[in-house]
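Here's the structure, in structure tokens; my notes come after.
Derivation of every value follows stated rules applied to the coordinates shown; laboratory data play no part. Please read these numbers as outputs of a predicted model, since none were measured by experiment. Positions of Cβ are backbone-derived with ideal geometry, glycine not excepted, and every protein chain shown enters the neighbour counts.
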Amino acid sequence: MTVAATTMATLGIAVPQTAMAVSGDAPKAPTTVGSVQFAPKASAKTKSIVAAAPQAAAAAGNVCGADYNESVYAERLPSATARYATLYLWTNGKESGPSYYDKPICAVLWNDTGAKQYMGIRLKDNYTDTPHTENFGTFSTYAGPVYQNRGWCGEVYSYMKKGGSVVIDTVRGVGSCN
């Protein structure tokens with residue numbers, strides 16, 4: 001296509017702009033940052049959080065195990081400016097049921113305070129017959145990992161107490177589901 005467009009331009013024939021576009025010319029969203037690979041539906045916010053601390057994100061991914069190598073979601077909690085923990089969700093990208101959204105999920109709540117805190121994480125899928133998985137206790141590094149075999153359309157609950165006060169108490173949806 002490029003050769004044809006160059007030949008047409010050399011002969012003085014107008015070349016439509018669409019003919020000049022070569023596949024791959026448009027900038028694409030990153031699919032990896034450092035050693036972290038993103039799930040196809042990972043948001044720009046998730047990618048920016050991972051890019052800001054790729055080593056921490058990779059460490060959180062390693063907690064889930066080698067098969068969980070695609071970042072699905074990352075969020076600083078309770079906010080980007082008052083951060084006590086970072087929530088990370090990972091998948092292995094494999095379908096575990098009849099739906100595209102039936103993908104295994106691993107969740108980790110990474111402690112960003114530098115000191116032991118009472119914290120926890122609970123993961124549930126969107127099927128009523130599956131029990132929730134959770135991990136609560138006093139941790140210096142992270143709560144979790146917790147897993148759901150069909151967790152893509154589920155919910156994740158994050159909790160942390162610091163100095164006797166609850167600083168994180170959130171529920172988030174997992175993945176982008178219809």
Practice prompt. Taking H placed 1.01 Å from N in the peptide plane, check which residues at least 5 places from Glu70 or on another chain put their amide H under 5 Å from its amide H.
Written response: Thr91
Worksheet item: When N counts the residues of region 35-178, how does its alpha-carbon radius of gyration compare numerically with 2.2 N^0.38 Å, as a ratio?
Response: 0.97
Worksheet entry | Interchain or long-range residues, amide H under 5 Å from Asp112's placed H | Ala85, Thr86
Fill in: √(5λ) per eigenvalue of the Cα gyration tensor, region 48-128, largest first, Å
24, 14, 11
Discussion item. List the residues, sorted by chain then number, that are 5 or more residues from Ser96 or on another chain and whose placed amide H is less than 5 Å from its amide H.
Written reply: Asp102, Lys103
Item to complete: Give me the distance in nm between label points sitting 7 Å out from Cα along the Cα-to-Cβ direction at Ala80 and Thr32, one decimal.
Response: 2.6
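Mind jotting down a quarter of the surface of the convex hull over the alpha carbons of region 120-178, in square nanometres, one decimal?
Spelled out: convex hull of the Cα atoms, projected over all directions, averaged, 4.6 nm².
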